[in-house]
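Working notes for the structure below.
The values are calculated or read from the model by the stated rules, or taken from the named source; none is laboratory data. As the structure is a prediction and not an experimental result, all values here were calculated from the model. Glycine also receives a Cβ, built like all others from the backbone with ideal geometry; neighbour counts cover every protein chain displayed. The area values use the complete protein model at the heavy-atom level, side chains included, leaving out ligands, DNA and RNA. Shrake-Rupley method; radii C 1.70, N 1.55, O 1.52, S 1.80 Å.
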Amino acid sequence: NAGVTQTPKFQVLKTGQSMTLQCAQDMNHEYMSWYRQDPGMGLRLIHYSVGAGITDQGEVPNGYNVSRSTTEDFPLRLLSAAPSQTSVYFCASSYRGGAGNTIYFGEGSWLTVV
Amino acid sequence: GQQLNQSPQSMFIQEGEDVSMNCTSSSIFNTWLWYKQDPGEGPVLLIALYKAGELTSNGRLTAQFGITRKDSFLNISASIPSDVGIYFCAGPSGSNYKLTFGKGTLLTVNP
């Protein structure tokens, strides 16, 4: 995947623990987004950002926080993990005003909350 | 919000067969995207469609943007084992940072 890096790849958390999923892109993209993927549900938008200092909620934002202090980074924070947050998380980035073929996805972060 | 209805949910086919899947929406999309996801990987763009009626090919894959702008189709010809994966349709809900995805079609190809 061209330039979108997610860490960690795999993580197991206990209920109530906090953690941050990291996302970084080196393409100078204005737009960055976080999605979660659950079996049979496709990908659903959690939070997005249209530029440094600007974030907004997507379809399923509850239980997650984000910030965008730099153009390159868009971390996703779970403040108190719940089993319902067991999922695969994908970060994506794209150019402002870019066409659909300018959207790039990271390789995913597999999170299990026990 | 907008929803994309993708069908079929899964397909089991023999190598060499052609495959067809589709996506419908209750509202108009100005762009249709088709992605493939391999196990343990992120979605990879296969085809992007930008104009109603557009028919675009990428190797053995062909996708069409429906005239009503509320549907799209993806066809795979002469399937091979490496076509196995989940295929998603998606469309920007206003902009590229807000994609709406279908629930995916799981394709299994028996050699």
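A few notes on this one:
- With all protein chains in place and a 1.4 Å probe, the accessible surface of the protein assembly as shown carries 50 percent carbon and sulfur.
- Average beta-carbon neighbours from other chains, 10 Å sphere, peptide A:40-52: 4
- Alpha carbon Rg of the protein assembly as shown, scaled by the compact-globule rule 2.2 N^0.38 Å: 1.01
- Accessible area, probe 1.4 Å, largest first, for residues B:ILE80, A:ILE103: B:ILE80, A:ILE103
- Peptides A:8-15, B:28-35, A:81-88 ordered by average Cβ neighbours within 10 Å, highest first: B:28-35, A:81-88, A:8-15
- Accessible area, probe 1.4 Å, largest first, for residues A:TYR89, A:TYR48, B:TYR50: B:TYR50, A:TYR48, A:TYR89
- Between chain A and chain B, roughly 1800 Å² of accessible surface gets buried, counting both sides and using a 1.4 Å probe.
- Shielding by other protein chains, A:102-109, mean Cβ within 10 Å: 5
- Annotation: per residue accessible area for segment A:1-79 equals 47 Å², rounded to a whole number [probe 1.4 Å, protein chains only].
- Model label points for A:ASP73 and B:ARG60, set 7 angstrom from Cα along the Cα-to-Cβ axis, are 4.4 nm apart.
- Across the alpha-carbon set of chain A, the Rg to Rh ratio works out to 0.95, Rh being the Kirkwood radius.
- Per residue, the convex hull volume that the Cα atoms of segment A:18-80 enclose (Å³): 87
- Segment A:68-83 and segment B:41-78: distance between their alpha carbon centers, rounded to Å: 33
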